[in-house]
1. I want the local charge near residue B:51. Using Cβ-Cβ distances under 15 Å, sum +1 for each Lys or Arg and -1 for each Asp or Glu among the other residues.
2. What is the average number of partner chain Cβ atoms found within 10 Å of a Cβ in A:402-408?
3. For chain A, list the DSSP H helices whose alpha carbon atoms reach 27 Å or more along the long axis and whose average Kyte-Doolittle value is 0.0 or above?
4. Can you list the residues of the range B:77-93 whose accessible area drops by at least 20 Å² going from the chain on its own to the full set of protein chains, with a 1.4 Å probe?
5. Taking a cut-off of 20 Å, what percent of all Cα-Cα pairs in the range B:216-313 are separated by more than that?
6. From the phi angles alone, apply the Karplus equation (6.51, -1.76, 1.60; θ = phi - 60°) to the range B:132-137 and give each ³J(HN,Hα) in whole Hz, x where the residue is Gly or Pro.
7. Enumerate the amide H contacts of residue A:701 below 5 Å, restricted to partners 5 or more residues apart or on another chain; note that Pro and chain-start residues carry no placed amide H.
8. Mean separation of Cα pairs under 8 Å and 6+ residues apart, divided by the residue count of the range B:18-323: what relative contact order is that in percent?
Amino acid sequence: MDLQAISKNIQTSAKVVGTTWPLYAFVTSNPLSGYESLPFKEACFRVFTKTGSIAYPEVSFFKHMMEQDFLSEKQVQDILNEHDFQGEVKDFLSALNTFQNNSQLNPNHEVDQILVKWLSVFLDEGLADWQMPDKKQGFYQAWKSLAKYDQNLAFPKGEKLPKSSLDAIHQLTAHLSEAEQLQCFENHFAALPGWVGYIKYRKDNQTDWQENFPLELEDYLAVRLLITKFLGSEVKANVKPSQSQQQLLNILQQCLAEVENHWQKHMLQKLNLKGQTQDKTAKPDAQLVFCIDTRSELIRRNIESKGNYETYGYAGFFGIAMDYEAAFTGLTRKSCPPILSSAFKVTEQNTSAHTQSFQDLETKHKKSEFKGYFLKRMKNILPSAFGFVEGAGLAYAYQLLYRTFGKPKKNKNSASNSVESICETQMHKVSDQSHLSVDEQTQIVKSAFDLTGWKTFAPLIVFAGHGSHTANNPFASSLDCGACAASPGRHNARMIAKLANSKEVRLALKEKHGILVPEDTLFLGAEHNTTTDEIELFDAEAPEEFKDQIRLLKKDLAKAQISATSERLGQEDSVNQAYKKSTDWSETRPEWGLAKNAGFIIGDRNLTKDSNLDGQCFLHSYDWEKDKDGSALNAILNGPMVVTQWINNHYYFSTVDNNMYGSGSKITHNIVGKFGVVQGNGGDLKSGLPLQSVKLTDEENYHQPQRLSVFIHAPKSRLNSLISDNEKIKELLDNQWIHLLVIDPERENQVEKYVGHSAWESITKTKYAEAVMA
Amino acid sequence: MNSTIALQHNKSQNVKTDIPWISRLINPILWIFFFISIGGIGIYFVEDATTWTLGTYFRINGLSLAIFSTVSFFGALISTYAKRYLQGFKFQKVFSLYSLGFISSVLLFVISNHVGLVIASWFFMGLFMSKLIGVNSDWGEARAASNYALRFFVASSLLLSLSLGLLAYYSDALFLNVIFENLSSLPYSVLLSAALLLILAGLIQSALFPFHRWLLSAMTAPTPASALMHAGFINGAGILFTIFASVLIASNTLTLLFILGGFTAIFAQFVKLLQVNVKHKLACSTIAQMGFMVMQCGLGFFNAAIVHLILHGFYKAYLFLSSGEEVEMRSPEQALKIKIKALQAFIVLIFGVLGAGLFMLLTNKTSLTDSSIFLTLIIAITVGQATYNIIKAKIYSYGQRLMLSAALFIIGIGMYALIYNAVSLLLIELNYAIVPQKLTAIEIAFGMLFLLGFFLMKLGIYRKTPWLYVKLLNLTQPHKHTVLKFKK
């Protein structure tokens, strides 16, 4: 077999693991994305044979569902009978319990351990001062030059290692057939999915670290094969599921589908399908655009109830495919969905009016940078480390007390010395550094109106990105905006507001697209702090004539914060409780993020306005009547729907097997390399959400794992043609990674469910209601 | 529309998880422990008392109060932290019970006057700590780590039993105060054997090289348990050696302590540099600091060792409890090389000397010929190092740099002196709290070694020795059964 074929097999076999994102940019993606070309059920089965992981909810989930009448005992019994399961429901549950809770020894223990030792020192991103020697030459070469000193390896004296990693793989696997080779590679990758996933991340994103210190999949494989050889270990084979295990997996799949069915029925009951619109003739006082994030539902509902306000749901990167470069640090982060490549880069520029404040801020930043450097030097260097501890000990005592008993600080709305209030966002193209033409700018703004089916223009229009604010939380970025690749969405919001306020853009909107934005309309960027439900308006530059309106809006937003937090936290004094959660260093559940997500509703706000959706749904505004050619819907399906599917699958798998796909409990996390966590003393890099993000306690779920149900308010014919035009979407639907329900306005909002391969099941709403009530 | 039917799964977001009542109860108990011991210190000073005895089995002196108030402070603070941090943890209740067990063992240990009680409480400290390491008993690696640590602690307890057994047998007494009075009548060989056993027992508990591996395998403990371990439990050697200072002095083993401690201090400070996860990095730092503490004992400054363990406790508890803050996006860049100008070097030198002078003055270590000079040297280099970093910080004006350097060392040394003098007052009736040693060639040689270590680090020469890298990396791996041993 030639080297090229080996390379190809490496790429193919690596699909058995997902991508591990760094914690500073934690994208919630589907850990089984490599299996999406298979039906969900088949993927879960394959995963079981590969890793022994059971990708279905635990016993407690089904018990809970039965208590809640989302699954009746009879239904379960029917499913059991159908699969010839001998016994009753309780026998099934106890069989399931045994199946799911068997702990096994790791057959690759020694190989894994040695390899993890080398991977973690190589991949370090600045935690260690003394770096692994020769890192610049890449993992295989660096390891090769150190392996002879590694006493754990039983390295044969005088052994000469192959020149390159591909040579090594060739030497060690050339005798295998293609199928055997694939199998072998797959098993080696699946042994450490977290670390391999991070190698994939670095490669896919061409990070600076990867460019400076390359580590390719073949390097991993070569080193692993060599270690395996030196230790004389066996390559582990696939798990052969027993007949009863297979039976249980089949039953689980069907029970899950049953729960999902039931949930969809409940959801439909919540929707206003009568079709009457309560369009107020009066222009709203303000319109606020929030991310489609499930957390927006709560705050939108609470704002709407405070006055004459209208809210929209739109992907929180606001259609700007950008990277954001932070002021002062120069660090660049992606700030648009990971499925898009960033065409633009946004930077901060100080406005001349604020030169002094800008310099102050810069000094402040440099001082804090120096402080970090200073402390590090004092702690590391001999013997100042000892003197430093003695001199600074009492200061640490004070810090201990302050952070344990100190009063939480509240964010001040638009602090006058923040970057947002003294700088302006500037955008240029990544490709050639040039600025965007007026047409290009206009297109971004126009898309926002097109996709959301915008109708009237209020005097104030707020684009609210969202971000979380938590303390001592390695998973902080997992709570930020998923549509911004786990960055806070505030800068996208500021950018689009700036574009929409531009005179040239408004002129182009009017002349070329017939969209008339009134002169007395002001756009503002904002951030919805999802931990405290505070909304910070970036209004430092707002013209004088809007000040009164802004003041009134802020007043109502403060009221909305009170009612939203008390709904969420259910406590007296909920706002202070929220701030406490946001700043408490011992808080492992500062907020629930997107937990409980289960549905995605694409349609007019009137569908959902009257209901409390309990934070379970992503909401995208869409007006089927204004989207005659279906292009807006097409964009929504390919963008937001794919992202919500990633998020939903991520939450699903993190919940059903938290150790395998999540990252286990936060209380024993150990941050490695500044980018990830391992459990306890080390081991595989953790790739998903921690237990505290999806579970109430070690045993009780908070997020109820189920696949995403997408409800779309649009004619079925339009959807049909879109599905058949989009191979990827069709694959996701046919393979049942998501469910799709259409609410057809052309047929009195009749609801039909996509059942695969262009077939729909027609069910009217009344029928659903009967089923529920029965 | 029937909206009374609750939406899915019907749990509104405001579900509160209950903290087990035991954990709620134990938290205030620990704070009460702390306040009582602080009250005790107050009374101790007011009454000018030396030692309270409760029968012959217990005696409470300044050292008991100092240690107990320290450990109960950490216990209480960490339990307040853990109350929320461990919410929903299946073993939260057990965690609280073990913590209480541990703190109570420390209390017993520092007030015991009977050989049997000393040994028993020493063992219980270890037992409870190993239980905390394996508190998540569903987790295979945690069980393995717990057993592994327990083996060390049992060994330490056995060595301590042998040591105290020898002393008790030959002095025909079971009470510490009687044993201490009779030390001079014991044969030297007995004293030496007892001292060596005692030293081993202490070094194991404080994870000094080569007994450091249990600590590096103990990260299966929840973060607050680690904080308690690194701020409280690990100090065993310092406390043990201070209580038995007279034995160490009579057996003339201080120099040995100095060497063992000093070696670990240098070794661990180097291995800390190559750690890539935050908890192992902190653990290596703890090992180094414990080495330094033992070194202070070896120099005859037991009071300084006690002060060090208290201050290090604050430092390390804070770093563990905030260890979730280490995630950071960085770009790979070369460490900047810093060049220093002659004038700046001169200022560094002056400040170092001034710092040393202030330290000598405030902590009353004015001799230039005994072992205290070693501690002064460390402070001088620290001040020099701080000044060296600040003096080149372009972000500040020259005046600011001078002010900042001066302020930092004056405040730092001032705060240290405050605690140092208070603790020294507490230990005043221990005749052996401060026994400066004559400077011998060994101390001077080690002083040079420290300086050498300093320059090696500054120049980064070690980076060019790959075999050393691998050696040190392997020496600091956790025990193999505590990583990746199980599938689930």
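The values are calculated or read from the model by the stated rules, or taken from the named source; none is laboratory data. This one's a predicted model, so the numbers in the text were calculated from it and none came from an experiment. No Cβ is skipped: glycine too gets one built from the backbone with ideal geometry, and neighbour counts run over all protein chains shown. Heavy atoms of the whole protein, side chains included, go into the accessibility calculation; ligands, DNA and RNA do not. Shrake-Rupley method; radii C 1.70, N 1.55, O 1.52, S 1.80 Å.
1. Details: positive: B:59; negative: B:47, B:48, B:181, B:429.
Spelling it out: positives minus negatives among the neighbours equals -3.
2. Values: counts 0, 4, 6, 2, 0, 0, 0.
Partner Cβ neighbours, averaged per residue: 2.
3. Numbers: long enough: A:243-270 (41 Å, -0.86); A:355-380 (38 Å, -1.50); A:384-405 (30 Å, 0.60); A:547-569 (32 Å, -0.64).
Those that clear 27 Å and a mean of 0.0 are A:384-405.
4. So the qualifying set is B:77, B:80, B:81, B:84, B:85, B:87, B:88, B:89, B:90.
5. Details: 1792 of 4753 pairs.
Result: 38 percent of Cα pairs exceed 20 Å.
6. Karplus-based 3J(HN,Hα) across the range B:132-137 equals 5, 5, x, 4, 7, 6 Hz.
7. Answer set, sorted by chain and number: A:696.
8. Details: 464 pairs, mean separation 47.2, N = 306.
RCO, the range B:18-323: 15 percent.
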